[in-house]
1. For segment 370-389, check the following and say yes or no: at least one residue is within 16 Å of Gly120 (Cα to Cα), over 14 Å from the mean Cα position of the chain (by Cα) and outside the structural domain of Gly111 (by TED's automatic domain parsing).
2. Identify all residues within segment 273-308 that are assigned to a helix (DSSP H, G or I), farther than 11 Å from Ser337 by Cβ and out of contact with any Leu (no Cβ under 8 Å at 6 or more places or on another chain); write none if there are none.
3. Does segment 346-358 contain at least one residue that is farther than 26 Å from Gly139 by Cβ, at pLDDT below 80, surrounded by fewer than 22 Cβ atoms within 10 Å (Cβ to Cβ) and over 17 Å from the mean Cα position of the chain (by Cα)?
4. Within segment 310-328, work out how many residues are surrounded by 20 or more Cβ atoms within 10 Å (Cβ to Cβ) and under 11 Å from Arg256 (Cβ atoms).
5. Test Gly111 against the stated conditions and say whether it is closer than 19 Å to Leu360 by Cα and either free of Cβ contacts under 8 Å to residues at least 60 places away in the same chain or in a helix (DSSP H, G or I) (or both).
6. For residues that are farther than 14 Å from Leu373 by Cβ and crowded, with 22+ Cβ neighbours inside 10 Å, scanning just segment 228-254, find the one that is modelled with the highest pLDDT.
7. Is there a residue in segment 103-122 that is of a type in the set (D, E, K, R) and either surrounded by fewer than 18 Cβ atoms within 10 Å (Cβ to Cβ) or closer than 25 Å to Asp286 by Cβ (or both)?
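The values are calculated or read from the model by the stated rules, or taken from the named source; none is laboratory data. These numbers were taken from a predicted model, which means no experiment stands behind them. Neighbour counts are summed over all protein chains in view; Cβ atoms, including those assigned to glycine, are modelled from backbone coordinates with ideal geometry.
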Amino acid sequence: MKLFPRHGYRWVVVAILALLSVINYLDRQTLSVLAPALQDFHGLTSRHYSYVVTGFLVAYTVGYAIMGPMLDHYGVRKVLSFAVAIWGGASILHSITGGWIGLLVCRVFLGLGESAAPIGGAKAVGEWMPASERGLAMGIFSTGNLVGAMIAAPMVTYLLLKAGWRPAFVFTGAIAILWLLIWMWLYYPPESDPKLSAEERALILRMRPARALARTSAWDVLRQPYGYGVFLARLLTDTVPFFFSFWLPEYLHHARSVSLPAIGMIAWIPYLAADLGGLSGGASSDLLIRKGKHPQSARFTVLLVAACLTPASLIAVRTRSISIAILCISCVLAAQSAWIVNLFTLITESSPEGHAGVALGVSGVGGAVGGMLANLAAGRVIPVLGYAGLFTILGFMHLCGFCVLWFTVRTRRHDSAVKLSTGL
């Protein structure tokens, strides 16, 4: 009896990558959950904690630019192994820190390592999945982030109460190391994986784009229309998930007068909707491809639908009903998940095969910068325009991002791909 399916091993790979995505967010959120205990133990001030968080975000942004070219040059297997070893070790080392400087150093290494997960996983999905299944596979991979965010609070809180904050860091970091061992055992490129049948290997490889002929840098990609297109699209649209990630409880409590216990009862609903949005968004574009639509056109169709749903934020901030507000915010985050799944897929399909990692890294830098700008802007916009003004601005970010993609990725893909593949 074989341990793995003979003709569906690519879905085993997707499951492994989805688990990586879960662990990525679990390790990231551990500090946030343990922050009150760490502030008491280490005597951290709010300023010290802000330094620690900012250190992670800066390292995460820099990591995108570093890990993208590494993925293209050394391959997904080696780079993800290296990155997970760094972040798993950094997570465990949190447990022996004695102050905020030690935490800052650990968070910097955590950020550098974790930056490889979203772009490495997306590149692997692009390499392993045929176009008619790539959207759903990307959706499964991407929703792991949200699952990790949902389980982090209860799991880490339980560990804190049962064993203390030091074992909590060790346990979550050890999960990453365990995943690394599984990864090294199971994952090889589809060209050489011995567990693939000849039929499945042929299915995977026959629809892959031509391999790039020359190495390239992030700057080379950023100079091309599709490069700066995906950078700007992520910079604009990642403001939405970053804002809700950091400000949703604040909005519900101060603008809606929702009690803290009630926030705990309802704040998970938009993230469940986001899970469903990512899966349905990926599956929808795959369905369009199976019905005969060109892959790029299929991705753009779902991107447009998602962009047209995000102005629901305008209703969310203006309705008097908290139920309708949560429903509209759920719609926005579901649309955002469908958007990012199809954007990741579009990037892997619009890049020469050897340059997908760099392109994903460039887009990730744009998203990280957009996220940091969103949080800085929120603190300035809310006192002036209120939440109504900010929700209105955010409601049109995806439509602006779609226009950017339409005039860069869609119309100039061929010329950009030719220049990059020839090293021009």
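1. Going through segment 370-389, the residues within 16 Å of Gly120 (Cα to Cα) turn out to be none.
Checked segment 370-389: no residue is within 16 Å of Gly120 (Cα to Cα), over 14 Å from the mean Cα position of the chain (by Cα) and outside the structural domain of Gly111 (by TED's automatic domain parsing).
2. Ser284, Ser285, Leu287, Leu288, Ile289, Arg290, Pro295, Leu304, Val305
3. Within segment 346-358 (the criterion being farther than 26 Å from Gly139 by Cβ, at pLDDT below 80, surrounded by fewer than 22 Cβ atoms within 10 Å (Cβ to Cβ) and over 17 Å from the mean Cα position of the chain (by Cα)), the answer is no, since none of the residues qualifies.
4. So the count comes out to 4.
5. Numbers: closer than 19 Å to Leu360 by Cα: yes; either free of Cβ contacts under 8 Å to residues at least 60 places away in the same chain or in a helix (DSSP H, G or I) (or both): yes.
Yes.
6. Ala233
7. Going residue by residue through segment 103-122, those that are of a type in the set (D, E, K, R) are 107, 114.
This time we only want the ones that are either surrounded by fewer than 18 Cβ atoms within 10 Å (Cβ to Cβ) or closer than 25 Å to Asp286 by Cβ (or both), so: none.
No, the conditions are met nowhere in segment 103-122.
Residues checked against (1) β-branched (Val, Ile, Thr); (2) closer than 16 Å to Glu133 by Cα:
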position: Ile269; (1), (2): yes, no
position: Ala274; (1), (2): no, no
position: Val302; (1), (2): yes, yes
position: Val341; (1), (2): yes, yes
position: Leu346; (1), (2): no, yes
